[in-house]
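The values are calculated or read from the model by the stated rules, or taken from the named source; none is laboratory data. Fair warning: this is a prediction, and the values are worked out from it, not measured in the lab. Note: ideal-geometry Cβ built from the backbone for every residue, glycine included; neighbour counts use all protein chains shown. Ligands, DNA and RNA are stripped out before the accessible areas are found, and what is left, the full protein with its side chains, is counted by its heavy atoms. Shrake-Rupley method; radii C 1.70, N 1.55, O 1.52, S 1.80 Å.
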Amino acid sequence: RDHLLGATLKEAFRKAEHPERLFVGAVIQNCFGDEYVCKTGAQVVGKDKNGRPQTKVSDAPPDKNGVEEFCADPSYKKYCEAGQIRALYVNETESLGPAAARYYASKLWGGETYYLQADAHLRFAPKFDTRYIDEVKAAKAYPKAVLSSYPPGFSESDPDYVGGTTGARLCTCEFSHSDVEEHIIRINTGGHCTNDQVDGPTQIAFIAAGFFFARAEFLKDVPFDPYLPWCFMGEEIALSS
């Protein structure tokens, strides 16, 4: 239900060196407004006498359909007509969280050589498609190598992304100190696992669920676990293992 899905799709096809080779599998977990009135999440509207946040839930319009937005754009309509966008629609009341959605998305794979998993809010560098392929081939473990990182953050008002930003390296982990997340492992970022002696990608310990790139054979060798309903924290540890 990410409102940036349409913009992310446009960015991907606009920046790819070979957009005709790009195929997208999108899992849309929205409130469509067909059977009931959509609602916002909890909105903080003030504080009570003890200083605690007061919240409310309000009526809201249906969630933005990013695939519909993309396919309605004359500049990108041809990719939809060519079957390059594969979408699975799930009503929000039937969604089982992000880990289940990753599994669903993997079933939209159509035999392509490479597989990129990304969140629906991402900006791409020019020719990212061929650059990813060149980079993964340069890894020592290719063809079993996986490229992964936490992508750089951005604001919608930022200028066009031209690349060159180093992604965060996933080097260490620790158990969360939060009472809400007790006994949950959190992956930390840092640069101390960089090996300047290696010409090419160097190893890291973990995989980011929001971005990784690999040859698609992994879908057969180590397929996604379909039995992780409502799993958010812990998804990346499961992927890394």
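Scanning the range 96-113 for residues that are part of a loop (DSSP other than H, G, I, E, B) and either open to solvent by less than 30 Å² (accessible area, probe 1.4 Å) or of a type in the set (A, V, I, L, M) (or both) gives Leu96, Gly97, Leu108.
Quick one: is Phe154 touching a helix residue (DSSP H, G or I) at 6+ places or on another chain (Cβ under 9 Å), modelled with pLDDT of 85 or more, on the phi < 0 side of the Ramachandran plot and hydrophobic (A, V, I, L, M, F, W, C)? No, not satisfied. Listed by first and then second residue, the pairs with beta-carbon distance under 6 Å, at least 6 apart or on different chains, first residue in the range 18-29 and of a type in the set (Gly, Ala, Ser), second at pLDDT 95 or above, are Gly25/Arg86; Gly25/Ala105; Gly25/Leu108; Ala26/Val67; Ala26/Ala87.
Scanning the range 188-218 for residues that are modelled with pLDDT of 85 or more and either in a strand (DSSP E or B) or among the aromatic types (Phe, Trp, Tyr) (or both) yields Phe206, Ala208, Phe211, Phe212, Phe213, Ala214, Arg215, Phe218.
When Asp221 is tested against (1) modelled with pLDDT under 85; (2) open to solvent by 60 Å² or more (accessible area, probe 1.4 Å); (3) under 18 Å from Ala141 (Cα atoms), exactly one condition is not met: (1).
Please determine, by comparing only the residues of the range 149-172 that are of a type in the set (Gly, Ala, Ser) and either open to solvent by 80 Å² or more (accessible area, probe 1.4 Å) or touching a strand residue (DSSP E or B) at 6+ places or on another chain (Cβ under 7 Å) (or both), which one is nearest to Glu11 (Cα to Cα).
Per the stated criteria, the residue is Ser157.
Comparison of Thr93, Thr130 shows that the only residue that is over 24 Å from Gly167 (Cα atoms), surrounded by fewer than 17 Cβ atoms within 10 Å (Cβ to Cβ) and of a type in the set (Val, Ile, Thr) is Thr93.
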